[in-house]
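The values are calculated or read from the model by the stated rules, or taken from the named source; none is laboratory data. None of these values were measured; they are calculated from a predicted model. No Cβ is skipped: glycine too gets one built from the backbone with ideal geometry, and neighbour counts run over all protein chains shown. Side chains included, ligands, DNA and RNA excluded: accessible areas come from the protein's heavy atoms. Shrake-Rupley method; radii C 1.70, N 1.55, O 1.52, S 1.80 Å.
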Amino acid sequence: MKAPEKKIKLKEVSLPAFPGHCDSLLKKHLTAEVWALLADNSTETGFTFQQAICSGLEQPDSSVGVYAGDEESYRLFAPLFRPIIEDYHGSLGPQPQTDFSLVALPAVTSEAQARVQSTRIRVGRNLANFPMGPAISRGQRLEVEGLICDALQNLPESHQGKYFSLSAMPKEQETDLVARHLLFKNEDRFMASGNLMRDWPEGRGLFLSRDESFSAWVNEEDQLRIIAMKRGGDVKAVFALLADGVAALSEKLDFSFSEEFGYLASCPSNLGTSMRASVHMTLPVIGQDEASLKQQADALGLQLRGVHGEHSASEDATYDISNQMRLGVTEVEAVTHLISGINHLAALDIEGKPKMVGDL
Ligand code: ADP
Ligand code: CIR
């Protein structure tokens, strides 16, 4: 008897196509096997695998290309998310205890200080028992905004300020705050494709301290971004300011946390400490050759961005330089990593020629 023809699984045939050039972690790790396994899955909150990968499919210049809709996304979609997390962070947890201690921080050299215009450190947080931005409902988002606004009342005197709802913000004020790096942009095609801009601008807002050095973003990519930013390169002062703000808010809010992945974030790049410590740094010599500088930065575990944030361009040899890795390290380790890296880049800039890491 003739053997029945082997049926090809539909999911294997229809592995989604990535139009044009694409270097995202999604493309790298979305194998036919992963697709066949997960394509029809969705979490308890109704967040589907197809929604999780939508931004990377629609935006082929994505670096990561996926978003989690809730805590369960990290478990259910693990066959895709784990390799992406490992690829991005270089290791998997467990995430060590939160550590904002200041004593161990190395000094920023005078050469690096001279090249740094401003320092910003932020952490992302999402509330336990709520879906994250890509899966949250309109009502839940407003509830989250209310809880965060209540918690902001608990800040120490030095951090107190005012909450500005994005819905009520005049356009000129919004433009000014974005230009001064204090507010998120009004449009982000990666977030839009990731289901994160539904009902915009409702439920979104900015808390700003009186001197504008401490701020909080509400219901943008994560439900909460806690931010400290100052002119110059006093990284320690910025870290201390952030630490006090995080401590006060942590007393009032229950954050989504897993032992393995640390603070859970909608983008896997922000797991762990969920901390991005960055400087705006001008490198007049090595900054002329962006490709070579990027190689140097990669080797040092640093990320280069443009001066208007993710996916923007550098200007006049000035870059946003930050820690790449946020998972499996403490907050103080992540910042130490940034300081060592910018000290190294400043030394290379003085020497005037790109060198391999380890040559110094
Ligand atoms: P995130 O830090 O949340 O990942 P972005 O890369 O989009 O987000 O940056 C948000 C804003 O913060 C942008 O306006 C960016 O230029 C600004 N920014 C980041 N780092 C610094 C810095 N060291 N000094 C001044 N502005 C900064
Ligand atoms: C991307 O994949 O390129 C975007 N979703 C951004 C990824 C990393 N940046 C971020 O989370 N802010």
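Contact map, region 292-316: residues that are within 18 Å of Asp61 (Cβ to Cβ) paired with residues that are in a helix (DSSP H, G or I) and open to solvent by less than 30 Å² (accessible area, probe 1.4 Å), Cβ distance under 7 Å, separation 6+ or inter-chain. Pairs shown: Gln303/Ala297; Leu304/Leu293; Leu304/Ala297.
Based on this model, can you work out whether Lys294 counts as more than 30 Å from Phe130 (Cβ to Cβ), open to solvent by 40 Å² or more (accessible area, probe 1.4 Å) and not hydrophobic (A, V, I, L, M, F, W, C)? Taking the combined requirement at face value, the residue satisfies it.
Do the conditions hold for Arg138, that is, is it open to solvent by 20 Å² or more (accessible area, probe 1.4 Å), closer than 18 Å to Arg122 by Cβ and more than 16 Å from ligand 2 (Cβ to nearest atom)? Spell out the reasoning first.
Details: open to solvent by 20 Å² or more (accessible area, probe 1.4 Å): yes; closer than 18 Å to Arg122 by Cβ: no; more than 16 Å from ligand 2 (Cβ to nearest atom): yes.
Spelling it out, it is not the case that Arg138 is open to solvent by 20 Å² or more (accessible area, probe 1.4 Å), closer than 18 Å to Arg122 by Cβ and more than 16 Å from ligand 2 (Cβ to nearest atom).
When Ile226 is tested against the conditions (1) more than 10 Å from ligand 1 (Cβ to nearest atom); (2) open to solvent by 10 Å² or more (accessible area, probe 1.4 Å); (3) part of a strand (DSSP E or B), the lone failure is (2). Taking the listed residues Asn195, Asn154, the one that is closer than 23 Å to Ala248 by Cβ, in contact (Cβ under 8 Å) with a residue 40 or more places away in the chain and either assigned to a loop (DSSP other than H, G, I, E, B) or within 16 Å of ligand 2 (Cβ to nearest atom) (or both) is Asn154, with no other qualifying.
Scanning region 297-306 for residues that are within 24 Å of Leu177 (Cβ to Cβ) and surrounded by fewer than 18 Cβ atoms within 10 Å (Cβ to Cβ) yields one hit, Gly306. Any chance region 200-207 includes a residue that's open to solvent by less than 10 Å² (accessible area, probe 1.4 Å), touching a Ser or Thr at 6+ places or on another chain (Cβ under 9 Å) and either near ligand 1 (Cβ under 10 Å from one of its atoms) or among the hydroxyl-bearing types (Ser, Thr, Tyr) (or both)? No: zero hits.
Does region 230-241 hold any residues that are open to solvent by 10 Å² or more (accessible area, probe 1.4 Å) and either in a loop (DSSP other than H, G, I, E, B) or within 16 Å of ligand 2 (Cβ to nearest atom) (or both), and which are they?
Keep residues of region 230-241 that are open to solvent by 10 Å² or more (accessible area, probe 1.4 Å), which gives 230-232, 234, 236-237, 240-241.
Result: Gly232, Asp234.
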